[in-house]
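K.L.:
One structure, as structure tokens, below. Some questions next.
The values are calculated or read from the model by the stated rules, or taken from the named source; none is laboratory data. The structure displayed is predicted, hence computed values, not measured ones. No Cβ is skipped: glycine too gets one built from the backbone with ideal geometry, and neighbour counts run over all protein chains shown.
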């Protein structure tokens, strides 16, 4: 069931694409102690002269940033932690409309990991070790004609790591302007688009970008002096995506519909999105499946922000969140920091002589498209999960449709079998509805054993007990099928929750947790 299918009459449309992307550039040749020692041997620098050698490079970076910047781009020393994005946007607001190029440069003292020289008392020799320390970092804020507002963060001390942040929505704004498509933009979202399908096509075009070419181009444009001041070190960066945000924006025609629906969405999401459900959003195996390993920390919370309410579910350092923006936009956003939990179909070590396999995803930009694909699917599953909240039926109609006796005829039975109605007021039947409303089964459905594991926290002690539990689950699934809440997947011993099942579970579980006073007020 699709979110757009249920709310098609209330939606202007939806777009899915990159929001914020934080790239990291690493000079691999000096990214470890062994590489640094080889470099120092090549340039004939002793360890006792390492700090002085690096200091000259640092002074060259600071000099290049101050002397070779445009005259209208101020160089600002920040002595305390401040919102640099806000400062840069305030500086941009002073420029004429349509300004392109470097906006400003900030210098600030921040933490880093950097090599230093230490004396070894046992060996009586100097050694090079990495340590946590602080050094100057330079922030180059720019307004690019293609990629829009962003910044480059340059570490001024060895090994001179780089971070580049851009936003796919700012990028889209320039694409829309070039294509002549009308739009309204507020912060990093679009409350109105003249042509939604064309905007989605432009977002899809971003995935065809040659990422190393783009990122090296930004470095050459805003730090053209870097290669000369770092000589004899060649700043050839390996680019990886440190953090990605993929956002799906559902644009409602008017804010009143979203204001009415969002409290129900957030309440239903917090009630039904337990740990296994969140893991299934990210296509991870849960405890009863083969090949399972203990997951990272899984959690969730609901917070009020100045824009509205935000519901967030975390799976380790990755997360999926939902919030409302600018009155008429429902945003579902997936953030990925740890890629090793995800899989990509590729050749090991990119060796074309080896067979393709499902391997852990890398942070390198080579796997960025697959990373986007997974994030977009997480957004879709999450939206489909909360979509069942809305139904035009009265609670009494939903209740009556499953509480009356009915009959069921399976494919291998000659005559129909009488089946009792569900009793949502009883604990056992309420557990069945909670099982269906979890959202775990939206991808591949569930099996008899899944229901057994959910209803029984302790494993069966004997084979007889195991068979009794399985037989009970079979009867319960038959009852759910008879009332149209689940249906069998053809050719498999799996079952899928129907649209009626999702709506029924949503209505009853939500009503169960709403105070009586609010129900009375709503009915009035």
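K.L.:
When the residues of the stretch 32-43 are filtered to those that are assigned to a helix (DSSP H, G or I) and over 36 Å from the mean Cα position of the chain (by Cα), which remaining residue is farthest from residue 120 (Cα to Cα)?
P.N.:
Among residues in the stretch 32-43 that are assigned to a helix (DSSP H, G or I) and over 36 Å from the mean Cα position of the chain (by Cα), the one farthest from residue 120 (Cα to Cα) is 42.
K.L.:
Consider the stretch 221-270. How many of its residues are loosely packed, with under 15 Cβ neighbours inside 10 Å, closer than 30 Å to residue 101 by Cα and out of contact with any strand residue (DSSP E or B) (no Cβ under 7 Å at 6 or more places or on another chain)?
P.N.:
Qualifying residue count, the stretch 221-270: 8.
The rows are residues; the columns are (1) surrounded by 10 or more Cβ atoms within 10 Å (Cβ to Cβ); (2) assigned by TED's automatic domain parsing to the domain that holds residue 129; (3) within 37 Å of the chain's Cα centre (by Cα).
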{"residue": "45", "(1), (2), (3)": "yes, yes, no"}
{"residue": "50", "(1), (2), (3)": "yes, yes, no"}
{"residue": "55", "(1), (2), (3)": "yes, yes, no"}
{"residue": "60", "(1), (2), (3)": "yes, yes, no"}
{"residue": "63", "(1), (2), (3)": "yes, yes, no"}
{"residue": "68", "(1), (2), (3)": "yes, yes, no"}
{"residue": "74", "(1), (2), (3)": "yes, yes, yes"}
{"residue": "79", "(1), (2), (3)": "no, yes, yes"}
{"residue": "82", "(1), (2), (3)": "yes, yes, yes"}
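K.L.:
What are the pairs with Cβ atoms under 9 angstrom where one residue, in the stretch 348-374, is outside the structural domain of residue 246 (by TED's automatic domain parsing) and over 17 Å from residue 335 (Cβ atoms) and the other, located anywhere, is at pLDDT 95 or above and surrounded by 11 or more Cβ atoms within 10 Å (Cβ to Cβ)? Sequence gap at least six, or different chains.
P.N.:
none
K.L.:
Looking only at the stretch 474-497, count every residue that is more than 19 Å from residue 423 (Cα to Cα) and part of a loop (DSSP other than H, G, I, E, B) and tell me the total.
P.N.:
Residues flagged as more than 19 Å from residue 423 (Cα to Cα) and part of a loop (DSSP other than H, G, I, E, B) within the stretch 474-497 amount to 6.
K.L.:
Looking only at the stretch 55-70, which residues are without any contact (Cβ under 8 Å) to a residue 12 or more places away in the chain and within 17 Å of residue 158 (Cβ to Cβ)?
P.N.:
Matches in the stretch 55-70: 55, 56, 59.
K.L.:
Considering only the stretch 90-119, state which residues are under 30 Å from the mean Cα position of the chain (by Cα), part of a helix (DSSP H, G or I) and surrounded by 14 or more Cβ atoms within 10 Å (Cβ to Cβ).
P.N.:
Within the stretch 90-119, 92 is the sole residue that qualifies.
K.L.:
Need a quick list: strands (runs of 3 or more DSSP E) entirely within the stretch 154-231 having at least 2 residues that are in contact (Cβ under 8 Å) with a residue 24 or more places away in the chain and under 30 Å from residue 57 (Cβ atoms).
P.N.:
It comes to 162-167.
K.L.:
May I pose another question? Which of the residues spanning the stretch 308-338 are without any contact (Cβ under 8 Å) to a residue 60 or more places away in the chain and over 16 Å from residue 383 (Cβ atoms)?
P.N.:
Listed by number, the residues that qualify are 308, 309, 314, 315, 316, 317, 318, 338.
K.L.:
Tell me, yes or no, whether the stretch 141-148 has at least one residue that is part of a strand (DSSP E or B), more than 24 Å from residue 35 (Cα to Cα) and touching a residue at least 60 places away in the same chain (Cβ under 8 Å).
P.N.:
yes
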